[in-house]
Amino acid sequence: MDAELSTATEIPQPNSFSFDEESLKAIEAIVKRYPPGKQASAVIPLLYVVQRQMKRSTGSGWVPNKGMDAVAERLGMAPIRVYEVATFYFMFNMKPIGKHHLQVCATTPCWLRGSDEVSRACREAGKLGGWGQTSEDGMFTLSEVECLGGCVNAPILQVDDDYYEDMDYESTVRLIEALRRGERPAPGSVIGRQTSAPEGGPQTLLDVPGE
Amino acid sequence: MAKVTVDGIEVEVPNGVSVLQACEAAGKEIPRFCYHERLSVAGNCRMCLVEVEKAPKPIASCAYPVADGMKVFTDSPMVRNGRRGVMEFLLINHPLDCPICDQGGECDLQDQAIAFGGDASRYREEKRAVKDKYLGPLVKTIMNRCIQCTRCVRFATEVAGVPELGATNRGENMEIGTYVEKALTTELSGNLIDICPVGALTSRPYAYVSRPWELRKTDSVDVLDATGTNIRVDARSGEVLRILPRTNDDVNEEWMADRGRFAFDGLKRRRLDRPWVRQGGKLKPASWAEAFTAIAAGIKGRKIGAMAGDLVDAEATVALRDLMAALGSDHLECRTDGAAIDASRRDFYTFNTGIVGIEEADALLIIGSNPRVEAPVINARIRKRVATGGIPVGFIGPRGLNLTYAQDWLGEGGATLSALVGGQHRFNEVLRGAKRPMVILGRGALARPDGAAVLAAAWQVAVENGMLQADWHGFNLLHQFGGQVAPLDLGFTTGIPADVQALWLLGAEPSVVPEGAFVIYQGHHGEAGAARADVILPGAAYTEKDATWVNTEGRVQRGRLAVYPPGEAREDWKILRAASEVLGLRLPYDSLDGVRARLAEANPVFAGAGFVAHGCTDMTGPAGDAGGVAEVAFDTTVHNYWQADVISRASATMAECARTYLPQAAE
């Protein structure tokens, strides 16, 4: 969790926000999923739309107040109802973040498999002071998150929307350096594991009946 | 109906009520924080736990419906233990600052901790700290004290109709506020202070002023709008320190508008506290005797008229009328705003449906009124009706007003009203399809050259659309101040001729005073009327006299003296009685009972009290040509809610509100 939660007034906010072409197209598709009169249900997907648009336009994926107001207007809700939802969920960044959002899972399976090393690697290679902080060069923001549901390939480091799995100290450092160079390594297991199959290839059902 | 046994007492309650309500029906007190009779059920404080037979755990009684044959225990060991545990959790993060807390002495948390809590704290860790929030110039917040009952959130959303408060962040970090730190845009914000069960939301003007047990409490009536809100005036050493609403389900439920609640500091500023007499073109301080002598000399042989203002009580009005009659004058006027009110029949100028009647209406037409600022509490009642019944509301007036409920904007003014009169408007269908339709006509809509036509047209709309029935009167005039109806009841409508040579102004601020006229101003605040006066008689404000008030419904209510008028100021009927003595026209009453007997004689409505629901069988309309409505847009006349009358214009609190909410008007 963020070390410091704050109300919106302390964060420099953009003066305006309007949905761009890509967002409008996405919103149209999203709102159609809900029956008429129940558009408010689309608030979470629309907040993601805002966050992605901010990422596209400013390089920092966060949700400014004006963005929440735009969602409220689009869905016919009171703005405070959108603020409530957006501040409740940790996936929405209520203040500007770095170019890459490093989200370290620290729930028990990942922790047992070495998430402490992953976060140490993030802090050292990404030059980050601690949870919730952004590096001075604006490249990285480090967050601790709850279970990402990838326990089989623990520990997990989620960078923006991508999962990097089976991480350890060295692979995390390599990943961060690659990101800093502007590369985007392929997501998934960094030790070559096939999806969630056992490490080092199949362990059971090795014999094929009849052979 | 369901039979429920509460602690061995059998009660019968309607199906669907909560266990808490059943317990109350059985006379058992259930502690609660989040539950409030007039708000939706949240069920998040858990203080109202009770035990139900065969239920494995204690249940939150506010959110649990009754079932037939249910056996409830409100004082079993399980219940006591459960409540003690809940209280312990609530107190974990609640600061121990009761000695400096303004809620101290009237705090639900304090009281219930004594009654239902444990006797010691086991908590040794640090308490959480929450930043205070900004909610505007009236509500002070100390958010450390918040127990997150969300009553304020629900009040703002449901009753006030301004969904601006919410709970942001989550869990341990949850905070109540607007998130964007803005002033709440409601005229009902003071009620947040009342419903907050702890000291998180307190009155900013009342901060650190007094303790509840030091105050002398006097029941009275608010006159700063025409709702007739029942109030309690809390005073100490001759000074009003705060005003709170009293519950009256027929009028204000338990709500109150901000102007009535907070404008009382205007009672201490710009007061007329001694008589003044104009000598050599300048007003000079005088004694009562000198003032009366000056009046006797000033009005001698002159044609005199009298005007009553917006905040005058019935006793003073009838005394003024009698004095004028003794002087041989019947030039009386109270419509200082120029509203073309026809007082020939009482239902032409009152809110006949009744405030409580709004809840029965199934279609509403508002003409030239913004009830949100003219009568915020009545507006909350309309909002309640719209929210629960979804009734259609047609609105004729400025476009884009936020009345806090959905309204069907029909048009800006006269042309739309004329179309409705002809039955050619689409909204006629809605009204004709309704069983209990009603119309609210703003007093401001009558204060224009074609006012009489507007009144006649609105009445005709009521007649043509079935609003007048034997047991339902759907025609309503919404006044703006609590002293506007009583003078109408007492015949202050004969008019002032242009050639009048002397004027007695009872709190009235006329737009024009004939040149050379001798002017007597009797009132409590000096504004234009007093500045023009030749003699000023200092009167008492509404908190300073035993007086009768008539609200927009025509409901007769009595207020009581809470503090004495300042300086040499006196109750207004007594001033008139004393003046009559000097003029040699002694009025025949010496006591309040005497004046009230005279009142009842002058108009029988003053013999009773309250409001009698009535229908309408006589369709004859008020004077005026319904076809003569000009095609001019209706303007809402209360532009500055915060400073609409002499008292609120003298109030520093209201001035700050005006600066906050109407920055352009304050300049």
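The values are calculated or read from the model by the stated rules, or taken from the named source; none is laboratory data. Since the structure is predicted, the reported quantities are computational estimates derived from the model, not experimental observations. Every residue, glycine among them, receives a Cβ derived from its backbone with ideal geometry; neighbour counts consider all protein chains shown. SASA here: full protein model, heavy atoms, side chains in, ligands and nucleic acids out. Shrake-Rupley method; radii C 1.70, N 1.55, O 1.52, S 1.80 Å.
Some notes on this structure:
- Residue in region B:142-162 that is more than 14 Å from every other protein chain (Cβ to nearest Cβ), charged (D, E, K, R) and open to solvent by 20 Å² or more (accessible area, probe 1.4 Å) present: no
- From B:LEU135, B:LEU109, B:LEU192, residue being farther than 26 Å from A:PHE88 by Cα, away from every other protein chain (no Cβ under 12 Å) and open to solvent by less than 20 Å² (accessible area, probe 1.4 Å): B:LEU109
- Members of region B:254-269 found to be assigned to a loop (DSSP other than H, G, I, E, B) and either of a type in the set (Phe, Trp, Tyr) or over 23 Å from B:ARG381 (Cα atoms) (or both), listed by number: B:TRP255, B:ARG269
- Residue in region B:222-234 that is modelled with pLDDT of 95 or more, under 30 Å from B:LEU91 (Cβ atoms) and open to solvent by less than 10 Å² (accessible area, probe 1.4 Å) present: yes
- Among the residues of region B:244-275, the one identified as without any contact (Cβ under 8 Å) to a residue 40 or more places away in the chain and in contact with a Lys or Arg (Cβ under 8 Å, 6 or more places away or on another chain) is B:ARG246.
- Among (1) over 19 Å from the mean Cα position of the chain (by Cα); (2) within 14 Å of another protein chain (Cβ to nearest Cβ); (3) under 18 Å from A:VAL159 (Cβ atoms) - the single one A:VAL82 does not satisfy: (3)
- Hey, A:LEU112 closer than 20 Å to A:ASP168 by Cβ, aliphatic (A, V, I, L, M) and surrounded by fewer than 20 Cβ atoms within 10 Å (Cβ to Cβ) or not: yes
- All of B:ASP645, B:ASP635 fail the test of being buried (at least 16 other Cβ atoms within 10 Å of the Cβ) and more than 22 Å from B:ILE367 (Cα to Cα), apart from B:ASP645.
- Given (1) within 30 Å of A:GLU165 (Cα to Cα); (2) more than 14 Å from every other protein chain (Cβ to nearest Cβ); (3) touching a helix residue (DSSP H, G or I) at 6+ places or on another chain (Cβ under 7 Å), index of the condition A:ILE27 fails: (1)
- One residue stands out in region B:350-394 among those that are touching a residue at least 40 places away in the same chain (Cβ under 8 Å) and part of a strand (DSSP E or B): the one that is surrounded by the fewest Cβ atoms within 10 Å (Cβ to Cβ), namely B:ALA363.
- Looking only at residues in region B:171-185 that are touching a strand residue (DSSP E or B) at 6+ places or on another chain (Cβ under 8 Å) and among the β-branched types (Val, Ile, Thr), the one that is nearest to the other protein chains (Cβ to nearest Cβ) is B:THR178.
- Test: B:VAL130 is outside any loop (DSSP other than H, G, I, E, B), open to solvent by less than 30 Å² (accessible area, probe 1.4 Å) and within 14 Å of chain A (Cβ to nearest Cβ): no
- Each residue in region A:65-78 was checked for being at the interface with chain B (Cβ under 8 Å from one of its Cβ atoms) and touching a residue at least 12 places away in the same chain (Cβ under 8 Å), and 1 pass.
- With respect to (1) in contact (Cβ under 8 Å) with a residue 40 or more places away in the chain; (2) surrounded by fewer than 19 Cβ atoms within 10 Å (Cβ to Cβ); (3) outside any loop (DSSP other than H, G, I, E, B), the lone exception for A:SER143 is condition (2).
- Residues that are open to solvent by 40 Å² or more (accessible area, probe 1.4 Å) and either within 28 Å of the chain's Cα centre (by Cα) or of a type outside the set (A, V, I, L, M) (or both), drawn from region B:567-591: B:GLY567, B:GLU568, B:ARG570, B:LYS574, B:GLU581, B:GLY584, B:ARG586, B:PRO588, B:ASP590, B:SER591
- Exactly one residue out of A:PHE88, A:PHE19, A:PHE92 is surrounded by fewer than 19 Cβ atoms within 10 Å (Cβ to Cβ) and within 14 Å of chain B (Cβ to nearest Cβ): that is A:PHE88.
- For region B:195-204, a residue qualifies if it is touching a Phe, Trp or Tyr at 6+ places or on another chain (Cβ under 6 Å) and either surrounded by fewer than 20 Cβ atoms within 10 Å (Cβ to Cβ) or within 12 Å of chain A (Cβ to nearest Cβ) (or both), and exactly one does: B:ILE195.
- Residue that is modelled with pLDDT under 95 and surrounded by 14 or more Cβ atoms within 10 Å (Cβ to Cβ), where the choices are A:ARG180, A:ARG120: A:ARG180
- Taking region B:303-349 as the range and being open to solvent by 50 Å² or more (accessible area, probe 1.4 Å) and hydroxyl-bearing (Ser, Thr, Tyr) as the test, only B:SER344 passes.
- Region B:589-624: number of residues that are part of a loop (DSSP other than H, G, I, E, B), under 30 Å from B:THR293 (Cα atoms) and in contact (Cβ under 8 Å) with a residue 12 or more places away in the chain: 2
- Qualifying residue in region B:140-161 (condition: in contact with a helix residue (DSSP H, G or I) (Cβ under 6 Å, 6 or more places away or on another chain), at pLDDT 95 or above, among the charged types (D, E, K, R) and outside any loop (DSSP other than H, G, I, E, B)): yes
- Single residue of region B:279-302 satisfying the filter (of a type in the set (S, T, N, Q) and over 17 Å from B:LEU576 (Cβ atoms)) that is most open to solvent (accessible area, probe 1.4 Å): B:GLN279
- Among the residues of region B:19-42, the one identified as open to solvent by less than 10 Å² (accessible area, probe 1.4 Å) and within 21 Å of B:ALA387 (Cβ to Cβ) is B:CYS34.
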